[in-house]
Amino acid sequence: MTTVPSNTMPPSPAPRAAMFIVFIVVFIDLLGFGIVLPIMPRLAEHYMKGMSAQAQGAVIGALFSSFSLMQFIFSPVLGRISDRIGRRPILMLGLAGSVIFYALFGFAASLPESAPELALVLMLVSRIGAGIAGASVSTAAAVIADCTTPEKRARGMALIGAAFGIGFTFGPLIAYAGLKLFEDQKWGVGAIASGLSLLALIFAAVKLPETLRPNANLPPRHFFSLGRTLEVLRMPTVGPLVLIYFLVIFAFANFEATLALFTHDAFGMNDEQNFLLFAGVGAVLMVAQGGLYRPLAGKWPETQLMTLGIGLMLLGMGGLVCVAWGAYMLRPSPGAVDNLKFLFCLSGATAVTGFAFVNPSVSALVSKRTDPTRQGEVLGVNQSGASLGRILGPFIGSVVFKEHDSRILPYAAAAAVLLFVVGLLPLVKGPSVATKAA
């Protein structure tokens, strides 16, 4: 049974200032994510000499997935805590964790190849810690919900996506410059990411306000509750959205986790070229979310924008299947390789644009269909669904990448999942009203 509560709590004071500060904080923190992500698989490969291709894929998949596993576990927990004690302390705690664990990643990458076990274990620990810290992104989404009316919720949620896109654009470029600055010392990547998170922590300590409106009528709530998580998933207007978000993230993560391996194997791109490619991915994400999605969000319903995004992702993944088949199975001439590179960039840009439309649409719909007193909790469950996709997608994509000579399996799996998502879309054609379990 569902009821529609009265939305008695207005947006918090100074919403524009709070949203801008959260945007800056998330942007700086995600610079660290964008710095580490492109180089992590190649750094790990230095310590896996002698392993089989399947074992190497499993280790790289574990490094990707451990980050998201922690987000899966801790996003609802931190969301519930933020509903009780406020958004600011949770965001501050997350930034402090990023400082520590990106520094640990840099230390692990600096170890000699004669200590492969220690290096890989410390990389894994750093990814686990960074994942716990990164679970506070759902709290950032709750800040947006605190500061916006339902009518402006989608535009507000797009700010987080734009911050991710900008961070993903400049992060690889900073990593490229950092490697040159530190004369290709591998620890430099972790050091730069840690330093930027420290800047975000200092900025948040000085400028970030508390946006949660006090509410003395909140019932007692356990910080970790499987039952309440399942309750959220059973909400008829929220549960299908969480499932769709999980599947879309899973599909995109197959592409994201294998991108560095694919460009190296198919096109012989070195680290510097790979950084520039990842920067291009971030630039597309930034333009699509900030320049295309936000203007449309005030004119088109979120369900239509989400549907358009899923269609673009499906088209892009289909193109990547064709590129992989052509690059590995047809033995192309140098001229044909250039054509494949162009198709690869076009397909990737199409998929990234689609993802840029899906991400804020789902977050806005979930928020608008949620009791205002449970924004942190429900958005945390939604973020957990995304994290589960980032657990399974990179792991499965990395493992199956070399299972077939064509290298099409990660992208074919992504396309198949997106086709399934298309069949789920009628389930989310519900009213955009806040609901809660009675």
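Observations
- Using the average count of surrounding beta-carbon atoms within 10 Å as a protection proxy, the listed peptides 77-85, 397-405, 297-305, 55-63 rank, highest first, as 77-85, 55-63, 397-405, 297-305.
- Of LYS186/LYS402; LYS299/LYS368; LYS180/LYS402, pairs whose Cα-Cα distance is over 21 Å: LYS186/LYS402; LYS180/LYS402
- Within the accessible area of the chain, the carbon and sulfur atoms contribute 69%, probe 1.4 Å, all protein chains present.
- Sum of -39500 (n - 2.57) over DSSP H runs of 4+, divided by residues of the chain (222 nm, nearest 500): -26000 deg cm²/dmol
- Length-normalised contact order of the chain in % [C-alpha pairs under 8 Å, at least 6 apart]: 30
- Estimated inter-spin distance, LEU230 and ALA58, nm [label 7 Å along Cα→Cβ]: 3.2
- A simple spin-label model places pseudo-atoms 7 Å from Cα toward Cβ; at ARG84 and ARG42 they are separated by 4.5 nm.
- Three semi-axes describe the equivalent ellipsoid of the range 330-405; taken as square roots of 5 times the Cα gyration tensor eigenvalues and ordered largest first, they are 38, 17, 5 Å.
- Membrane-span-like helices of the chain, defined as complete DSSP H segments with a Cα extent of 18 Å or more along the helix axis and a mean Kyte hydropathy of at least -0.5, are identified as 15-36, 53-85, 87-109, 116-134, 153-181, 187-207, 239-267, 271-287, 302-329, 334-368, 375-400, 409-424.
- Förster radius 51 Å - calculated FRET efficiency between GLU117 and LEU425 (Cβ-Cβ, nearest 0.05): 0.65
- Probe 1.4 Å, protein heavy atoms only - accessible area per residue of the chain in square angstrom: 39
- A viscosity of 1.567 mPa s and a temperature of 4 °C, combined with the Kirkwood radius over C-alpha pairs in the Stokes-Einstein formula, give the chain a diffusion coefficient of 60 µm²/s.
- Length gained when the stretch LEU243-GLU403 is fully extended (0.36 nm per residue, less Cα-Cα span): 54.8 nm
The values are calculated or read from the model by the stated rules, or taken from the named source; none is laboratory data. All figures in this text were calculated on a predicted structure; none of them were measured in a lab. A quick note on method: Cβ atoms are made from the backbone with ideal geometry, for glycine too, and the neighbour counts reach across all protein chains shown. Keep in mind that these areas ignore ligands, DNA and RNA; they rest on the heavy atoms of the full protein, side chains included. Shrake-Rupley method; radii C 1.70, N 1.55, O 1.52, S 1.80 Å.
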